[in-house]
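**Student:** Below: one structure in structure tokens.
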Amino acid sequence: QVQLVESGGGLVQPGASLRLSCATSGFSFSIYTMGWYRQAPGKQRELVATITSTGKINYADPVKGRFTISRDNAEKTVFLQMNSLKAEDTAVYYCNAKFTSLSYWGQGTQVTVSS
């Protein structure tokens, strides 16, 4: 049974930091490209960052220089360190695992940035 469980979201003030985690099970984590996506109210889900099985990383322009994606293959977990958070980062953040035509999603974790 494939499971992706996000954690670490919350309510923070602008400029603060959060670290999201996505603990996984039920698939061969190390060969999957892992990613973080987000969906703000009334908007489509969008890419935040991805990291391939070989460690190649891609960031969406709005988060470059502020967010860092990483993975721990031994723990089958992917992380998203988010610094200098802005109000426009407010969204539900989803973890994704992708390998060829296979794609799995977590249930999401809410991040709210507000003063």
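The values are calculated or read from the model by the stated rules, or taken from the named source; none is laboratory data. Note that this is a predicted model, so its numbers are computed, not measured. Using ideal geometry, Cβ is built from the backbone for each residue, glycine included, and neighbour counts are taken over all protein chains shown. Ligands, DNA and RNA are stripped out before the accessible areas are found, and what is left, the full protein with its side chains, is counted by its heavy atoms. Shrake-Rupley method; radii C 1.70, N 1.55, O 1.52, S 1.80 Å.
**Student:** Among the residues of region 85-115, count how many are at positive phi and either open to solvent by 60 Å² or more (accessible area, probe 1.4 Å) or of a type in the set (Lys, Arg) (or both).
**Tutor:** Residues that pass the stated criteria total 1.
**Student:** If you take the residues in region 25-46 that are over 9 Å from the mean Cα position of the chain (by Cα) and part of a strand (DSSP E or B), which one is surrounded by the most Cβ atoms within 10 Å (Cβ to Cβ)? Explain how you work it out, then say what you get.
**Tutor:** From region 25-46, those over 9 Å from the mean Cα position of the chain (by Cα) are 25-33, 39-46; that's our starting set.
Remaining after also requiring part of a strand (DSSP E or B): 25, 33, 39, 46.
Details: SER25: 11, THR33: 18, GLN39: 14, GLU46: 12.
Filtering region 25-46 for residues that are over 9 Å from the mean Cα position of the chain (by Cα) and part of a strand (DSSP E or B), the one surrounded by the most Cβ atoms within 10 Å (Cβ to Cβ) comes out as THR33.
**Student:** Ok, one more. Across region 47-64, which residue is farthest from THR100 (Cα to Cα) among those that are open to solvent by 30 Å² or more (accessible area, probe 1.4 Å) and part of a loop (DSSP other than H, G, I, E, B)? Full working, then the answer.
**Tutor:** The initial filter retains those residues of region 47-64 that are open to solvent by 30 Å² or more (accessible area, probe 1.4 Å), namely 47, 52-59, 61-62, 64.
In the following step, the residues that additionally are part of a loop (DSSP other than H, G, I, E, B) were identified as 52-56, 64.
Details: THR52: 12, SER53: 12, THR54: 15, GLY55: 17, LYS56: 16, LYS64: 26 Å.
It comes out as LYS64.
**Student:** Pairs under 6 Å by beta carbon, first residue at pLDDT 95 or above in region 14-28, partner surrounded by 16 or more Cβ atoms within 10 Å (Cβ to Cβ) and of a type in the set (Phe, Trp, Tyr), six or more apart or different chains?
**Tutor:** LEU20/TYR93; SER21/PHE79
**Student:** Additional query: Could you check region 68-115 and list, in sequence order, the residues that are in contact (Cβ under 8 Å) with a residue 12 or more places away in the chain, among the polar types (S, T, N, Q) and part of a strand (DSSP E or B)?
**Tutor:** Once the filter is applied, which keeps residues that are in contact (Cβ under 8 Å) with a residue 12 or more places away in the chain, among the polar types (S, T, N, Q) and part of a strand (DSSP E or B), region 68-115 yields THR68, SER70, THR77, GLN81, ASN96, THR109, GLN110, THR112.
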